[in-house]
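The values are calculated or read from the model by the stated rules, or taken from the named source; none is laboratory data. If you're wondering where the values come from, they're calculated on a predicted model, not measured in any experiment. All Cβ positions, glycine included, derive from the backbone under ideal geometry; neighbour counts span all protein chains shown.
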Ligand SMILES: Cc1cc2nc3c(=O)[nH]c(=O)nc-3n(C[C@H](O)[C@H](O)[C@H](O)COP(=O)(O)OP(=O)(O)OC[C@H]3O[C@@H](n4cnc5c(N)ncnc54)[C@H](O)[C@@H]3O)c2cc1C
């Protein structure tokens, strides 16, 4: 694309925007993607790369579909690091009961309740195994999805305002105005700039991520560790094996009652509990924000009555499995409109 007058403009070049842009590009639309920063520098940069089901009854089928599609896409683009199982754990008895009930209610989804001692960290009596999960190289997937002849990218172009005129939408950046017939907001946390309504329906979550130096000792966690990704309390904490013997851990504070807590401090406590996180083992600390919704499902819809301003926000902690689902929903809305 020489000029920048796309059929579809996607605002936000994270996982959501890339997946949506690729979907349109595959259907021969000319797609423009703009980002206030660089590609993949928002929440997507923080993601640990675990593609797995959202452990909520209402979301199992959708995220199972998304997960299968994501795995195919990742394999096609050389971004599938490994297939694996993931283990969900709960620190409160009611959370544990909910996970157990889920395994009983949805055995066809590849869920299994386990009490196998050698899989469980000390202090846990059972956990939900999600088979058919995968570790994905998100950076690579993102770059490969956006490398399509129908996609043009503008980085460092923050959209400050949107205006409607002559059945088209104009996205106004500081030094650039982009006209498009269809505009998709894939801006995650930053949507407050564009719509107070959307800012109310998704919530920001603050988090901290820690990566270790390569650790020779695999007997962390106080037992013969299997190298399986662990998710605690609906992904508020996560512990993930990385490349070359590194470990990654993340803590997210989802709720307003945690507003005064420091996510880095919460993460340090978590690492101490599992005898990880010695300062000399630390390669990287970063903090960031992402969005969640009250019911854990992303918000996808139309913002205007004419139907050409669409949004896909709040993918939350299971964003990898949700992303193909929201991309399909956006395409369905666009082609119906
Ligand atoms: C610590 C952490 C670990 C995670 N681990 C996993 C995991 O292992 N597995 C998993 O499935 N999910 C994980 N997630 C969730 C996953 O990362 C998110 O659901 C997903 O990355 C959200 O992608 P996004 O594209 O919606 O948002 P983002 O990646 O935040 O992208 C939004 C983009 O929009 C741009 N933007 C915003 N406003 C404007 C504007 N006005 N103009 C132009 N551009 C704008 C931003 O610069 C940004 O690049 C994790 C999240 C976190 C925070």
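Scanning region 298-327 for residues that are surrounded by fewer than 21 Cβ atoms within 10 Å (Cβ to Cβ) and in contact with a helix residue (DSSP H, G or I) (Cβ under 7 Å, 6 or more places away or on another chain) returns 299, 302. Step by step: first the residues of region 69-95, then only those that are in a helix (DSSP H, G or I) and out of contact with any strand residue (DSSP E or B) (no Cβ under 8 Å at 6 or more places or on another chain), then the one that is farthest from residue 236 (Cα to Cα). Which residue is that? Selected residue: 76.
Residue by residue, here is whether (1) surrounded by fewer than 20 Cβ atoms within 10 Å (Cβ to Cβ); (2) modelled with pLDDT of 80 or more holds:
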position: 146; (1), (2): no, yes
position: 174; (1), (2): yes, yes
position: 200; (1), (2): yes, no
position: 210; (1), (2): no, yes
position: 238; (1), (2): no, yes
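Is region 237-255 home to any residue that is more than 20 Å from residue 214 (Cα to Cα), touching a strand residue (DSSP E or B) at 6+ places or on another chain (Cβ under 7 Å), without any contact (Cβ under 8 Å) to a residue 40 or more places away in the chain and within 13 Å of the ligand (Cβ to nearest atom)? Yes, region 237-255 contains at least one residue that is more than 20 Å from residue 214 (Cα to Cα), touching a strand residue (DSSP E or B) at 6+ places or on another chain (Cβ under 7 Å), without any contact (Cβ under 8 Å) to a residue 40 or more places away in the chain and within 13 Å of the ligand (Cβ to nearest atom). Scanning region 282-298 for residues that are in a strand (DSSP E or B) and within 11 Å of the ligand (Cβ to nearest atom) turns up 286, 287, 288, 289, 290, 291, 292. In region 226-236, the qualifying residues are those that are over 20 Å from residue 98 (Cβ atoms) and in contact with a strand residue (DSSP E or B) (Cβ under 6 Å, 6 or more places away or on another chain), and the one that is surrounded by the fewest Cβ atoms within 10 Å (Cβ to Cβ) is 227.
Considering region 1-25 alone, what residues qualify as being in contact (Cβ under 8 Å) with a residue 12 or more places away in the chain and either farther than 16 Å from residue 183 by Cα or part of a loop (DSSP other than H, G, I, E, B) (or both)? I'd like the intermediate steps shown before the answer.
Going through region 1-25, the residues in contact (Cβ under 8 Å) with a residue 12 or more places away in the chain turn out to be 1, 4-25.
Passing the criteria: 1, 4, 5, 6, 7, 12, 13, 14, 15.
The set of residues in region 29-69 that are near the ligand (Cβ under 8 Å from one of its atoms), buried (at least 24 other Cβ atoms within 10 Å of the Cβ) and closer than 22 Å to residue 173 by Cα comprises 34, 35, 42. Any residue at all in region 109-123 that's outside any loop (DSSP other than H, G, I, E, B), more than 30 Å from residue 333 (Cα to Cα) and near the ligand (Cβ under 10 Å from one of its atoms)? So far as region 109-123 goes, no, none of its residues is outside any loop (DSSP other than H, G, I, E, B), more than 30 Å from residue 333 (Cα to Cα) and near the ligand (Cβ under 10 Å from one of its atoms). A search for C-beta distances below 6 Å between a residue of region 270-294 that is farther than 14 Å from residue 209 by Cα and any residue that is at pLDDT below 75, counting only pairs 6+ apart in sequence or on different chains, returns 274/221. Taken over region 78-94, residues that are under 18 Å from the mean Cα position of the chain (by Cα) and farther than 17 Å from residue 227 by Cβ amount to 1.
If I ask for residues that are within 10 Å of the ligand (Cβ to nearest atom), touching a helix residue (DSSP H, G or I) at 6+ places or on another chain (Cβ under 8 Å) and on the phi < 0 side of the Ramachandran plot, which ones from region 1-28 would you list? Once the filter is applied, which keeps residues that are within 10 Å of the ligand (Cβ to nearest atom), touching a helix residue (DSSP H, G or I) at 6+ places or on another chain (Cβ under 8 Å) and on the phi < 0 side of the Ramachandran plot, region 1-28 yields 10, 11, 13, 14, 15, 16, 18, 19, 20.
Taking first residues from region 29-44 that are touching a residue at least 40 places away in the same chain (Cβ under 8 Å) and on the phi < 0 side of the Ramachandran plot and partners that are near the ligand (Cβ under 7 Å from one of its atoms) and outside any loop (DSSP other than H, G, I, E, B), the Cβ contacts under 7 Å between residues at least 6 apart in sequence or on separate chains come to 33/17; 34/11; 42/188; 43/188; 43/288; 43/290; 44/15.
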